[in-house]
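Heads up, the thing below is written out as structure tokens.
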Amino acid sequence: MAKDIRGLFQNNRRREAHAVTAALPFTLDTADLREGTPAVELASGDYTVLTLPMGVLVTGAYLVVEEDNAFDGTVTAQAKIGTVALFSAAIDCTKIGPSLGKAASFPILTSTNEDVTVTMVVTGATKGSVKIVLEYIDYNRATMSFIGEE
């Protein structure tokens, strides 16, 4: 008979699955007519959109372009957690709908706090928005609920 350790080492504590969303709109900051500052617009380059905590297991990634939010012009995006690319190729942000992450390394385990960066290539766009959605399990931190509790 196997030794019963179900109540030890937090073996029966729940770990929760989470999803987090970050947005990259074309207009990052509106113009301030009172101060005379121009609008800040999305340009080609790298953007740090969030930081994942240490000890999470990332299980999926999506780039989502909602209806009426497709970019005009030519816009592509590639996302990374630290140095790990989440997609096998840059995603076309002019197509509506979700684009599923194809990283060969899923799941990705964070051993330190990891920045999520999105590399945008923007040509001739004047509007649009893209969201990145990450699914992850926070395996280091457990809730106070237990498996088998009523």
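The values are calculated or read from the model by the stated rules, or taken from the named source; none is laboratory data. Here the structure is a predicted model, which is why all the values come from computation and not from measurement. Note that we place each Cβ from the backbone using ideal geometry, even for glycine, and neighbour counts take in every protein chain shown.
Within the range 30-42, is there a residue that is touching a residue at least 24 places away in the same chain (Cβ under 8 Å) and either more than 15 Å from G128 (Cα to Cα) or under 24 Å from the mean Cα position of the chain (by Cα) (or both)?
Of all residues in the range 30-42, those touching a residue at least 24 places away in the same chain (Cβ under 8 Å) come to 42.
Within this subset, residues satisfying the condition of being either more than 15 Å from G128 (Cα to Cα) or under 24 Å from the mean Cα position of the chain (by Cα) (or both) are 42.
Checked against the condition, which is being touching a residue at least 24 places away in the same chain (Cβ under 8 Å) and either more than 15 Å from G128 (Cα to Cα) or under 24 Å from the mean Cα position of the chain (by Cα) (or both), the range 30-42 yields at least one hit.
Using the structure shown, decide if G36 is closer than 20 Å to G124 by Cα and not hydroxyl-bearing (S, T, Y).
Working: closer than 20 Å to G124 by Cα: no; not hydroxyl-bearing (S, T, Y): yes.
Criteria not met by G36.
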May I ask you to list the residues in the range 1-42 that are surrounded by 12 or more Cβ atoms within 10 Å (Cβ to Cβ), assigned to a loop (DSSP other than H, G, I, E, B) and among the basic types (K, R)? R14, R15
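Within the range 93-105, work out how many residues are modelled with pLDDT of 80 or more and either under 14 Å from the mean Cα position of the chain (by Cα) or within 13 Å of V64 (Cβ to Cβ) (or both).
2
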Taking interchain pairs and intrachain pairs at least six residues apart, which have beta carbon atoms under 8 angstrom, with the first residue in the range 6-26 and within 12 Å of I132 (Cβ to Cβ) and the second assigned to a loop (DSSP other than H, G, I, E, B) and modelled with pLDDT of 75 or more? L24/L42
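Report, by residue number, each residue of the range 112-150 that is closer than 18 Å to E16 by Cα, over 14 Å from the mean Cα position of the chain (by Cα) and modelled with pLDDT of 75 or more.
Residues satisfying the conditions are D138, Y139.
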Give A61, A70 a once-over and let me know the one that is in a strand (DSSP E or B) and at pLDDT 85 or above. A61
